[in-house]
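Engineer: Mind looking over this structure? Questions follow.
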Amino acid sequence: MAAPRLVSVLGSTGSIGVSTLDVIARHPQDFAVYALAAHSSVDSMLEQCLQHRPKYAVMMDQDSAERLQKKLPAACGTEVLHGEDALASVASAAEVDSVMAAIVGAAGLPSTLAAARAGKTVLLANKESLVMGGHLLMQAVRESGARLLPIDSEHNAIFQCMPVDEQARPGRDGVSKVLLTASGGPFRTWTGEQMREATPDQACAHPNWSMGRKISVDSASLMNKGLEFIEACWIFDLSPELVDVVVHPQSIIHSMVQYLDGSVLAQLGNPDMRTPIAYGLGWPKRLASGVAPLDLVATARLDFAAPDESRFPCLRLARESVAAGGTAMAVCNAANEVAVAAFLGGRIRFTDIPVLIEGVLEQLPAVEPTTLAVVETADNEARALAAALLVDMTGQPLEVTLA
Ligand code: NAD
Ligand code: MG
């Protein structure tokens, strides 16, 4: 029997991380955990270490690492590390087969890039790293021979519906369009005035998916679809005109590929991230994921509509940043992270999110994203400018974190 594949789960205490460990635990013969990494949730990490016995547990800062170390019984056999370098090293270690990139936000880029450069099978949930550093990440994948398997449900669906070439990588022969579905989020039917008064808890109450708070707010503003639009262009090497967004409130069709002959292939399933996660872990084999079978009779209907970019300007801003090219996408992503954190912290209104992003995009010129340092500089400048604009908006300085 083959040895289990070793997996590093980055962002293990989050929504995707927990679902990943759930799927892994269903297949103890096939997978073992090499490393777990999280920001500072020591108690969740302790529990995960006791259950999965990773070789390494990586916390973001020294204090969290020391607290974990104190609580962890020696018998667990897990070595506790901390910081960016440790994160990159568990993402690229020779023994590792697959890396689940499920840190939230731009903080995930260096470790995702390290995994790609080391030629790993990269299970990409962290869409922000691709939006920010798509050029670098795709180049790393090509040069190292890494395999990028999209975990974002829409991109996973597209991957499943794309034609497959001899190397078993998705090709584009005969593809005329990619149809990216969007649930429309909790405010799909709300007016602009209602959205002005929306609270963080209302924004996070997604009708179909249970997710971390940052992506939940992105789903409510449709910036999530904007980020996914950019993500689709990078992963499948598509020009933006080939990607259409379709609102589909039931979240049963996770996306579609339309072919020249008029065929449209769709991937359907219940909205549970364990399906794309199991697909990524098992690829090219199918694995049991624990997801309930789809009951189409109970679902009864599937609706579709065009997105409304006047009520949801974030989608337009993401499109404009693709058109501007270069570091504009990193700037858009960074400004969005600051705006979402400010909204979640009760500092700005929901409807201020696109205002802030647009202000930042207007003021920062896009440059060629040639190196990680160039991308990180653009990210830092966008955050600084967003923070300054926020002071203008609220009259108060701001500290932000998504962790
Ligand atoms: P989450 O907030 O639930 O979890 C984030 C995880 O990242 C946590 O484990 C946290 O400790 C860790 N983390 C945060 N900052 C870190 C840092 N600097 N260093 C190390 N670890 C850090 O988020 P989530 O909903 O699981 O989303 C994770 C990523 O997956 C996001 O990029 C999101 O867009 C993407 N995604 C999520 C879903 C979903 O259903 N939740 C679906 C598609 C894509
Ligand atoms: Mg998605």
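The values are calculated or read from the model by the stated rules, or taken from the named source; none is laboratory data. Predicted model only: the values in this text are computed from it and were never measured. Quick reminder, even Gly has a Cβ in these numbers, built from the backbone with ideal geometry, and neighbours come from all protein chains shown.
Engineer: Inside the stretch 18-37, can you point out the residues that are within 10 Å of ligand 1 (Cβ to nearest atom) and either within 20 Å of E95 (Cα to Cα) or at pLDDT below 95 (or both)?
Structural biologist: Quick first cut of the stretch 18-37, residues within 10 Å of ligand 1 (Cβ to nearest atom) only: 18-20, 36-37.
Residues satisfying the conditions are T20, L36, A37.
Engineer: Which one is nearest to ligand 2 (Cβ to nearest atom), of the residues in the stretch 199-208 that are surrounded by fewer than 24 Cβ atoms within 10 Å (Cβ to Cβ) and at pLDDT 95 or above? Explain how you work it out, then say what you get.
Structural biologist: Taking the stretch 199-208 and keeping what is surrounded by fewer than 24 Cβ atoms within 10 Å (Cβ to Cβ), we get 199-202, 204-208.
Remaining after also requiring at pLDDT 95 or above: 199-202, 204-205.
Values: T199: 23, P200: 20, D201: 21, Q202: 20, C204: 15, A205: 17 Å.
Only one residue tops the list, namely C204.
Engineer: Considering the stretch 174-198 alone, what residues qualify as being modelled with pLDDT of 95 or more and assigned to a loop (DSSP other than H, G, I, E, B)?
Structural biologist: Those that are modelled with pLDDT of 95 or more and assigned to a loop (DSSP other than H, G, I, E, B): S183, G184, G185, P186, F187, R188, T189, W190, T191, E197, A198.
Engineer: Just a yes or no: is a residue in the stretch 99-113 in contact with a Pro (Cβ under 8 Å, 6 or more places away or on another chain), surrounded by fewer than 22 Cβ atoms within 10 Å (Cβ to Cβ) and more than 29 Å from P249 (Cβ to Cβ)?
Structural biologist: Just the residues of the stretch 99-113 that are in contact with a Pro (Cβ under 8 Å, 6 or more places away or on another chain), to begin with: none.
Taking every residue of the stretch 99-113 in turn, none turns out to be in contact with a Pro (Cβ under 8 Å, 6 or more places away or on another chain), surrounded by fewer than 22 Cβ atoms within 10 Å (Cβ to Cβ) and more than 29 Å from P249 (Cβ to Cβ).
Engineer: Additional query: Of the residues E362, E368, which single one is touching a Ser or Thr at 6+ places or on another chain (Cβ under 9 Å) and either assigned to a helix (DSSP H, G or I) or loosely packed, with under 14 Cβ neighbours inside 10 Å (or both)? Let's see the steps before the verdict.
Structural biologist: Working: E362 fails: touching a Ser or Thr at 6+ places or on another chain (Cβ under 9 Å).
The conditions single out E368.
Engineer: Would the stretch 180-198 turn up any residue that is within 13 Å of ligand 1 (Cβ to nearest atom), buried (at least 18 other Cβ atoms within 10 Å of the Cβ), of a type outside the set (A, V, I, L, M, F, W, C) and without any contact (Cβ under 8 Å) to a residue 24 or more places away in the chain?
Structural biologist: The answer is no; no qualifying residue exists.
Engineer: Do we find that K225 is under 19 Å from H254 (Cα atoms) and of a type in the set (D, E, K, R) in this structure? Break it down stepwise before answering.
Structural biologist: Working: under 19 Å from H254 (Cα atoms): yes; of a type in the set (D, E, K, R): yes.
Criteria met by K225.
Engineer: What residue, among those in the stretch 209-226 that are within 11 Å of ligand 2 (Cβ to nearest atom) and surrounded by fewer than 24 Cβ atoms within 10 Å (Cβ to Cβ), is modelled with the lowest pLDDT?
Structural biologist: Step one: filter the stretch 209-226 for residues within 11 Å of ligand 2 (Cβ to nearest atom), giving 209, 211, 215, 218-219, 224-225.
Filter again for surrounded by fewer than 24 Cβ atoms within 10 Å (Cβ to Cβ), leaving 209, 211.
Details: W209: 89, M211: 94.
Only one residue fits best here, namely W209.
Engineer: For the stretch 131-152, give me each residue that is within 12 Å of ligand 2 (Cβ to nearest atom) and touching a Phe, Trp or Tyr at 6+ places or on another chain (Cβ under 8 Å). Even if it seems obvious, please write down each step before you answer.
Structural biologist: First, pick out the residues of the stretch 131-152 that are within 12 Å of ligand 2 (Cβ to nearest atom): 150-152.
P150 - this is the single residue of the stretch 131-152 that is within 12 Å of ligand 2 (Cβ to nearest atom) and touching a Phe, Trp or Tyr at 6+ places or on another chain (Cβ under 8 Å).
Engineer: Starting from the stretch 73-90, take each residue that is in contact (Cβ under 8 Å) with a residue 60 or more places away in the chain and list its partners that are β-branched (V, I, T), counting only C-beta distances under 6 angstrom and pairs at least six apart or across chains.
Structural biologist: These pairs meet every condition: L87/V58; V90/V58.
Engineer: Right, next: Exactly one of (1) within 13 Å of ligand 2 (Cβ to nearest atom); (2) free of Cβ contacts under 8 Å to residues at least 12 places away in the same chain is unmet by E241. Its number?
Structural biologist: Tallying (1) within 13 Å of ligand 2 (Cβ to nearest atom); (2) free of Cβ contacts under 8 Å to residues at least 12 places away in the same chain, E241 fails exactly one: (1).
Engineer: If you don't mind, another one. Within the stretch 159-173, is even one residue within 16 Å of ligand 2 (Cβ to nearest atom), in a loop (DSSP other than H, G, I, E, B) and surrounded by 15 or more Cβ atoms within 10 Å (Cβ to Cβ)?
Structural biologist: Kept after step one, since they are within 16 Å of ligand 2 (Cβ to nearest atom), are these residues of the stretch 159-173: 159-161.
After this cut, where a residue has to be in a loop (DSSP other than H, G, I, E, B) as well, the list is none.
Checked the stretch 159-173: no residue is within 16 Å of ligand 2 (Cβ to nearest atom), in a loop (DSSP other than H, G, I, E, B) and surrounded by 15 or more Cβ atoms within 10 Å (Cβ to Cβ).
Engineer: Continuing with the same structure: With respect to the numbered conditions (1) modelled with pLDDT of 95 or more; (2) over 17 Å from P307 (Cα atoms); (3) more than 16 Å from ligand 1 (Cβ to nearest atom); (4) crowded, with 20+ Cβ neighbours inside 10 Å, which one is the sole condition not fulfilled by W234?
Structural biologist: Going through (1) modelled with pLDDT of 95 or more; (2) over 17 Å from P307 (Cα atoms); (3) more than 16 Å from ligand 1 (Cβ to nearest atom); (4) crowded, with 20+ Cβ neighbours inside 10 Å one by one, W234 breaks only (3).
Engineer: Conditions first: (1) over 22 Å from the mean Cα position of the chain (by Cα); (2) in contact (Cβ under 8 Å) with a residue 24 or more places away in the chain. S41 passes all but one, so which condition is the exception?
Structural biologist: (1)
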